[in-house]
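Let me begin by handing over the structure; questions about it come next.
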Amino acid sequence: MDNIEIIETEPPGEDRPPSMPPRPVRAWRVAVIANVKGETKLPQDAPADAGAEFDRKETIEAIQAAIESDGHFTKFLSADDNLPFALRDFCPDICFNIAEGIFGDGREAQVPALLEMLRIPYTASRVLANAVGLDKTMTKRIWREQGLPTAAFQEFTSADEPLNPALRFPLFVKPAREGTGMGMDSGAIVSDEEALRRRVAWVVESYQQPALVEEFLSGREFTVAVMGRADAAKFSRRPEWYAADGFHRFPILEVDNASSVTPGIYGYKAKTLHTGEEGVPGFLCPADVEPFLAEKLQSLAIRAHLAVGAVDVSRVDIRLDADGNPRLLEINTLPGLTPGFSDLCVIANAEGTRYQDVILEILDLGASRFGLLLEHGQEAVKPLRVPALMHMLPAMATMMLN
Ligand SMILES: Nc1ncnc2c1ncn2[C@@H]1O[C@H](COP(=O)(O)OP(=O)(O)O)[C@@H](O)[C@H]1O
Ligand SMILES: [Mg+2]
């Protein structure tokens with residue numbers, strides 16, 4: 001932590017918790033916060049695919065290596081009920097948050113909420129967007145209200161609620177608040193009311209949450225990565241990356257479900273297979289789409305991201321209906337970051353962007369929102385002040401005791 005420079009606290013802005021203390025500009029202490037498979041305990045009555053969203057240790061290590069390659073110091077902190085104490089001991093300047101959370105309807109918002117309370121900077125989306133993004137029904141309500149295209153739908157909290165007669169079979173049934181294709185196999189597509197009610201009952205019972213019922217979209221499937229925000233270029237090491245609206249256009253990824261182990265859909269089993277394995281869907285990046293459609297998909301993804309208040313990075317899933325019209329499926333405000341495997345990493349790789357640069361871009365975009373990075377051309381570095389060291393004292397004490 002040589003040459004620590006600090007910048008003056010800026011007044012609270014829209015994307016910044018209030019009363020930020022001064023922070024060092026470089027050589028940050030970065031906590032990588034996640035739920036790791038095998039390390040986070042699950043409730044005994046959890047469904048068979050519970051924990052599918054959790055990360056692998058190797059992913060955490062890859063993120064740490066990427067951040068350390070820029071000269072920072074990192075530590076992995078597990079997103080469980082010990083986190084408040086681990087944060088107090090480590091005293092991070094910023095947290096790289098990819099935690100799925102462990103329980104409840106807003107679990108992806110748990111870590112952001114804690115960090116806001118402790119006034120610790122962190123990357124990517126904040127409390128509300130993470131909670132909304134996890135809830136597919138709520139997300140669709142917001143999109144619909146903003147005039148964005150999404151399949152007609154109805155949420156069921158129990159299997160015997162009256163069915164909206166405007167919905168046309170086949171319908172698709174999924175847990176309203178899961179990810180990684182959980183609860184989705186070919187049985188999710190239902191062609192009559194009896195099958196619909198059976199499937200809704202299974203989802204509600206197994207996942208202890210509402211079932212989202214949508215019209216089945218039979219067309220092509222795409223996933224579109226979104227990165228940036230209006231002022232991204234002011235802080236980025238690659239300002240040329242960002243268009244005038246502040247967003248980077250990644251190539252579009254098409255998921256070809258024809259050969260999928262969950263035929264026609266990108267379900268749980270298909271999502272857990274690796275390239276080369278039997279039943280893995282086809283992935284095409286850049287997707288072979290007309291420039292007009294590509295532009296439409298990208299602009300829809302950005303509008304979908306902004307509508308739910310997502311920040312800096314997300315991935316939006318889109319499918320075409322039978323007439324070829326794009327319909328928004330869901331947004332991932334904490335997109336997977338497993339090197340060479342997660343969609344965002346595959347997409348970045350397809351345009352020649354290294355894993356390390358994706359991670360550092362997310363870190364810098366987050367850091368800049370909390371005043372840890374100076375705008376290009378800004379030189380307002382002030383001498384180190386005592387309060388900048390104050391927040392490190394408990395960590396120094398812990399290090400000395402160990
Ligand atoms: N309404 C729908 N019509 C057709 N396929 C769907 C529909 N909703 C979801 N799917 C299929 O299920 C997959 C997973 O659904 P998604 O809503 O993206 O949830 P997850 O969070 O698990 O990725 C999609 O990638 C798609 O293949
Ligand atoms: Mg999805």
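Counting only residues that are part of a loop (DSSP other than H, G, I, E, B) and within 16 Å of ligand 2 (Cβ to nearest atom), how many does segment 262-279 have?
Going through segment 262-279 one residue at a time, the tally reaches 6.
Residue-wise test of (1) exposed (fewer than 15 other Cβ atoms within 10 Å of the Cβ); (2) in a strand (DSSP E or B).
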| residue | (1), (2) |
| --- | --- |
| Arg168 | yes, no |
| Phe172 | no, yes |
| Glu178 | no, no |
| Met184 | no, no |
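Quick check on Leu134: is it within 23 Å of Val204 (Cα to Cα), over 21 Å from the mean Cα position of the chain (by Cα) and buried (at least 22 other Cβ atoms within 10 Å of the Cβ)?
Spelling it out, it is not the case that Leu134 is within 23 Å of Val204 (Cα to Cα), over 21 Å from the mean Cα position of the chain (by Cα) and buried (at least 22 other Cβ atoms within 10 Å of the Cβ).
When you go through (1) within 12 Å of ligand 1 (Cβ to nearest atom); (2) outside any loop (DSSP other than H, G, I, E, B); (3) among the hydroxyl-bearing types (Ser, Thr, Tyr) one by one for Ser218, which number turns out not to apply?
Of (1) within 12 Å of ligand 1 (Cβ to nearest atom); (2) outside any loop (DSSP other than H, G, I, E, B); (3) among the hydroxyl-bearing types (Ser, Thr, Tyr), only one is false for Ser218: (2).
Turning to a different aspect of this structure: For segment 57-135, give me every one of the helices (runs of 4 or more DSSP H) that falls completely inside it and has 2 or more residues that are of a type in the set (D, E, K, R).
57-68, 83-90
Follow-up question, since we're still on this one. Answer yes or no as to whether Pro149 is at pLDDT 95 or above and either in contact with a Ser or Thr (Cβ under 8 Å, 6 or more places away or on another chain) or within 28 Å of Ile302 (Cβ to Cβ) (or both).
In short, yes.
Right, another one. For segment 345-355, indicate whether the set of residues that are within 16 Å of ligand 2 (Cβ to nearest atom) and closer than 21 Å to Ala176 by Cβ is non-empty.
The answer is no, given that none of the residues of segment 345-355 is within 16 Å of ligand 2 (Cβ to nearest atom) and closer than 21 Å to Ala176 by Cβ.
Could you look through segment 287-339, keep only residues that are in a loop (DSSP other than H, G, I, E, B) and hydroxyl-bearing (Ser, Thr, Tyr), and pick out the one that is surrounded by the most Cβ atoms within 10 Å (Cβ to Cβ)?
Among those residues, the one meeting the criterion is Thr333.
Continuing with the same structure: Can you tell me which residue in segment 340-356 is farthest from ligand 1 (Cβ to nearest atom), limited to those that are of a type in the set (Gly, Ala, Ser) and surrounded by fewer than 20 Cβ atoms within 10 Å (Cβ to Cβ)?
Gly352
Would you say Asp185 is among the charged types (D, E, K, R) and at pLDDT below 95?
Criteria met by Asp185.
If the requirement is being surrounded by fewer than 23 Cβ atoms within 10 Å (Cβ to Cβ) and touching a helix residue (DSSP H, G or I) at 6+ places or on another chain (Cβ under 7 Å), which of these qualifies: Arg119, Arg88?
That would be Arg88, the only listed residue that is surrounded by fewer than 23 Cβ atoms within 10 Å (Cβ to Cβ) and touching a helix residue (DSSP H, G or I) at 6+ places or on another chain (Cβ under 7 Å).
Follow-up question, since we're still on this one. Pick from segment 186-201 the residues that are surrounded by 16 or more Cβ atoms within 10 Å (Cβ to Cβ) and free of Cβ contacts under 8 Å to residues at least 40 places away in the same chain: which of them is farthest from ligand 1 (Cβ to nearest atom)?
If we take residues in segment 186-201 being surrounded by 16 or more Cβ atoms within 10 Å (Cβ to Cβ) and free of Cβ contacts under 8 Å to residues at least 40 places away in the same chain, then Arg197 is farthest from ligand 1 (Cβ to nearest atom).
Which of the residues spanning segment 288-325 are away from ligand 2 (no atom under 16 Å from the Cβ) and either at pLDDT below 95 or of a type in the set (Gly, Ala, Ser) (or both)?
Within segment 288-325, Ala294, Ser299, Ala307, Gly309, Ala322, Gly324 qualify.
Working carefully through the options Asp317, Asp312, find the one that is in the same structural domain as Asp245 (by TED's automatic domain parsing), closer than 15 Å to Cys285 by Cβ and in contact (Cβ under 8 Å) with a residue 60 or more places away in the chain.
Criteria check complete, one pass: Asp317.
Going by what's in this entry, would Leu217 be described as under 21 Å from the mean Cα position of the chain (by Cα) and within 16 Å of ligand 2 (Cβ to nearest atom)?
no
The values are calculated or read from the model by the stated rules, or taken from the named source; none is laboratory data. No experiment lies behind these values; they were computed from the predicted model shown. Neighbour counts are summed over all protein chains in view; Cβ atoms, including those assigned to glycine, are modelled from backbone coordinates with ideal geometry.
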